[in-house]
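I have placed the structure first, in the form of structure tokens, so that the comments after it can refer back to it.
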Amino acid sequence: MESTSIKIHTSICPVCGNKATTPFLTCKDYLASHEIFDIYKCNRCGFAFTQDFPSEEAIGRYYDAPAYVSHSDTHKGIINMLYHWARKIALRSKAKMVCRYAGDKKGMLLDIGSGTGYFLNKMKERKWVVTGIEKSETARNYTKQKFNINCQASDYLYEIPCKTKDVITMWHVLEHLEHLNSVMDHLQGILKDDGTLIIALPNKSSFDAAYYKENWAAYDVPRHLWHFSPADFEHLAKRHHFEIIATKPMYFDAFYISMLSEKNKGSFLGSIVGLFRGGLFFIKTLGNKSKSSSLIYILKKKKQ
Ligand SMILES: [Zn+2]
């Protein structure tokens, strides 16, 4: 990757190292800037990435949107209402998942991209020692105020001592991080040998992605830099000496993403149409979980 003043141009596939890439889709930033960004695909492994995305220093303004719900707590609108209801249920299932794969012991949990802190709080209630990393100061302050949990800024990741975390979680965060490979390497370093890494990502080979194409809300350019299929992610995991021990669908995302995608398309009664289509995708997913809108990957260190 070479960096110009503010745009990051990717000429080597970050997953397989191949040099040949081709334009795949042209997407619009519907949320903040309304600028156009290209998504490229690796000719060898099929991994996709947002081309010429703004660098870490320049991307801040693309997050400055009132509708950026993961950092907000408003209850306005049907999409946000459903989002908050679904979050409640999702929180419970996330907590259960952590306890199940960590072997039911309590320990040190690191949540990267902890947002407004709901998941951290849920795990704290379950007697875990929690640490959150969150780049938004507003979200960190919110977490402190609402849950009395201190979160750290992004740089803290590199101050964490080796092999000290039992569980590391990243809920829809890795696709936002510029330094994909160095972050994965670092996670391998700070996780205990018997630790568990849990990463949730949008699935670019989902039913809804195939249907909505450039309007698929989970491309979310330029905030989403990397666009994974299960095969792409497995490739990346292997490269960093992790093995995927389980993959779980996130059922609600089909509804939420379809509603946003209909809105992107400018559909009449988009929320209703999206809810309906999301329902159809959800039913199809029951027979084919790998086509789910989002997937949660549970990883362990590969035994040397
Ligand atoms: Zn590749």
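Has segment 249-263 got at least one residue that is of a type outside the set (Val, Ile, Thr), in contact with a strand residue (DSSP E or B) (Cβ under 7 Å, 6 or more places away or on another chain) and within 16 Å of the ligand (Cβ to nearest atom)?
If we filter segment 249-263 for residues that are of a type outside the set (Val, Ile, Thr), which is where we start, we get 249-256, 258-263.
Then drop every residue that is not in contact with a strand residue (DSSP E or B) (Cβ under 7 Å, 6 or more places away or on another chain), which leaves 249-250, 253.
Subsequent filtering for residues that are within 16 Å of the ligand (Cβ to nearest atom) retains none.
Taking every residue of segment 249-263 in turn, none turns out to be of a type outside the set (Val, Ile, Thr), in contact with a strand residue (DSSP E or B) (Cβ under 7 Å, 6 or more places away or on another chain) and within 16 Å of the ligand (Cβ to nearest atom).
Just give me the residues in segment 115-136 being charged (D, E, K, R), modelled with pLDDT under 95 and either surrounded by 19 or more Cβ atoms within 10 Å (Cβ to Cβ) or closer than 24 Å to residue 180 by Cβ (or both), in sequence order.
The one that is charged (D, E, K, R), modelled with pLDDT under 95 and either surrounded by 19 or more Cβ atoms within 10 Å (Cβ to Cβ) or closer than 24 Å to residue 180 by Cβ (or both): 135.
For segment 182-233, how many residues meet the condition of being of a type outside the set (Phe, Trp, Tyr), within 16 Å of the ligand (Cβ to nearest atom) and touching a helix residue (DSSP H, G or I) at 6+ places or on another chain (Cβ under 6 Å)?
Filtering segment 182-233 down to residues of a type outside the set (Phe, Trp, Tyr) leaves 182-206, 208-210, 213-215, 217-218, 220-225, 227, 229-232.
Next, only the ones that are within 16 Å of the ligand (Cβ to nearest atom) stay: 184, 204-205, 225, 227, 229-232.
Now restrict to residues that are touching a helix residue (DSSP H, G or I) at 6+ places or on another chain (Cβ under 6 Å): 230.
The qualifying residues number 1.
Take residues that are under 24 Å from residue 239 (Cβ atoms) and tell me which of the strands (runs of 3 or more DSSP E) falling wholly in segment 126-203 contain 2 or more. Let's see the steps before the verdict.
Values: elements: 129-133, 165-171, 191-202.
Qualifying strands (runs of 3 or more DSSP E): 165-171, 191-202.
Can you find even one residue in segment 17-38 that is at pLDDT 95 or above, within 14 Å of the ligand (Cβ to nearest atom) and touching a Leu at 6+ places or on another chain (Cβ under 8 Å)?
No, the conditions are met nowhere in segment 17-38.
I'd like the full set of residues that are over 17 Å from residue 270 (Cα atoms) and of a type in the set (Ser, Thr, Tyr), limited to segment 206-227. Talk me through it step by step, then tell me what you get.
Pass one, segment 206-227, residues over 17 Å from residue 270 (Cα atoms): 206-207, 210, 219-227.
Selection gives 206, 219.
For a quick check of your reading of the model, give me the residue pairs whose first member lies in segment 264-278 and is within 14 Å of residue 211 (Cα to Cα), whose second is of a type in the set (S, T, N, Q) and not in a helix (DSSP H, G or I), with beta-carbon atoms closer than 7 Å and at least 6 apart or on different chains.
273/267
Looking for something in contact with a Cys (Cβ under 9 Å, 6 or more places away or on another chain), more than 20 Å from residue 100 (Cβ to Cβ) and acidic (Asp, Glu) - is there at least one such residue anywhere in segment 202-214?
Looking through segment 202-214, at least one residue is in contact with a Cys (Cβ under 9 Å, 6 or more places away or on another chain), more than 20 Å from residue 100 (Cβ to Cβ) and acidic (Asp, Glu).
Looking at the structure I just gave you, is residue 153 over 30 Å from residue 304 (Cβ atoms) and in contact with a helix residue (DSSP H, G or I) (Cβ under 6 Å, 6 or more places away or on another chain)?
Numbers: over 30 Å from residue 304 (Cβ atoms): yes; in contact with a helix residue (DSSP H, G or I) (Cβ under 6 Å, 6 or more places away or on another chain): no.
In short, no.
The values are calculated or read from the model by the stated rules, or taken from the named source; none is laboratory data. Only a predicted model underlies this, so the values are computations on that prediction, with no experimental measurement involved. Cβ coordinates were reconstructed from backbone atoms using ideal geometry, including for glycine residues, and neighbour counts include every protein chain displayed.
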